[in-house]
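The values are calculated or read from the model by the stated rules, or taken from the named source; none is laboratory data. This one's a predicted model, so the numbers in the text were calculated from it and none came from an experiment. Every residue, glycine among them, receives a Cβ derived from its backbone with ideal geometry; neighbour counts consider all protein chains shown.
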């Protein structure tokens with residue numbers, strides 16, 4: 001996940017890198033996501049979140065739809 | 001799934017605390033010394049933490065820590081600073097995650113991958129005070145961990 005100056009920069013970069021454009025959103029949303037995702041990493045009883053728990057966090061910050069769907073088969077530590 | 005032991009959990013927490021305190025990953029030798037383990041036992045523990053609960057990402061083919069998300073053991077384009085302390089995040093998400101996890105104010109420095117313009121994100125009083133630019137997720141969620149380095 002990268003931070004760009006503007007949406008025009010994203011489009012130019014994707015075209016030059018021959019990468020399909022993904023999803024865009026602002027830092028406020030990412031700040032909320034980062035807090036919910038990582039807040040327990042320094043807890044002694046940390047455990048890996050289940051896929052359902054991770055999906056619920058994405059939902060809670062409004063990241064819904066096929067792009068944000070975590071499949072049961074994926075391997076994740078986040 | 002590889003079974004993780006109680007001591008593995010203690011090692012995980014110590015690694016995270018080491019990152020938080022120093023900005024660096026401990027080496028396998030340091031971990032072995034801290035927990036009274038042989039080199040082989042240490043390697044086994046680190047690989048269990050990677051395979052069993054995805055608590056770490058090791059440098060491929062080694063037992064050296066690459067990532068303990070949100071921390072990166074190697075320099076990245078996402079520098080996190082608070083007072084005189086410094087860390088590296090694996091991406092903009094992780095860089096913000098470091099400040100969030102540590103519950104501190106600070107800033108993230110990066111640059112727009114297209115224009116090269118320096119971008120500075122500032123957290124003050126636990127909230128974003130300067131939030132320039134736009135975040136781009138190139139990889140859909142189901143593929144985030146297929147190539148974590150690219151993601």
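When the stretch B:52-81 is limited to residues that are more than 20 Å from residue B:9 (Cα to Cα) and touching a helix residue (DSSP H, G or I) at 6+ places or on another chain (Cβ under 7 Å), the one that is surrounded by the fewest Cβ atoms within 10 Å (Cβ to Cβ) turns out to be B:78.
Can you say whether residue B:116 is more than 28 Å from residue A:53 (Cβ to Cβ) and outside any strand (DSSP E or B), as far as the supplied structure shows? Write out each step before concluding.
Working: more than 28 Å from residue A:53 (Cβ to Cβ): yes; outside any strand (DSSP E or B): yes.
Here the answer is yes, as residue B:116 does meet what is asked.
From the set of residues in the stretch B:1-51 that are at the interface with chain A (Cβ under 9 Å from one of its Cβ atoms) and surrounded by 14 or more Cβ atoms within 10 Å (Cβ to Cβ), which is nearest to residue B:99 (Cα to Cα)?
Applying the first criterion (at the interface with chain A (Cβ under 9 Å from one of its Cβ atoms)) to the stretch B:1-51 yields B:9-10, B:12-13, B:16-17, B:20, B:50.
Keeping just the survivors that are surrounded by 14 or more Cβ atoms within 10 Å (Cβ to Cβ) gives B:9-10, B:12-13, B:16, B:20, B:50.
Values: B:9: 23, B:10: 23, B:12: 19, B:13: 18, B:16: 14, B:20: 10, B:50: 24 Å.
Checking each candidate, the answer is B:20.
When A:37, A:13, A:31 are checked against the criterion of being over 17 Å from the mean Cα position of the chain (by Cα), in a helix (DSSP H, G or I), within 8 Å of chain B (Cβ to nearest Cβ) and closer than 30 Å to residue B:115 by Cα, a single residue qualifies: A:13. Exactly one residue out of A:5, A:78, A:32, A:64 is at pLDDT 95 or above and touching a helix residue (DSSP H, G or I) at 6+ places or on another chain (Cβ under 9 Å), and it is A:32.
Of the residues examined, residue A:31 is not one that is touching a residue at least 40 places away in the same chain (Cβ under 8 Å) and crowded, with 16+ Cβ neighbours inside 10 Å.
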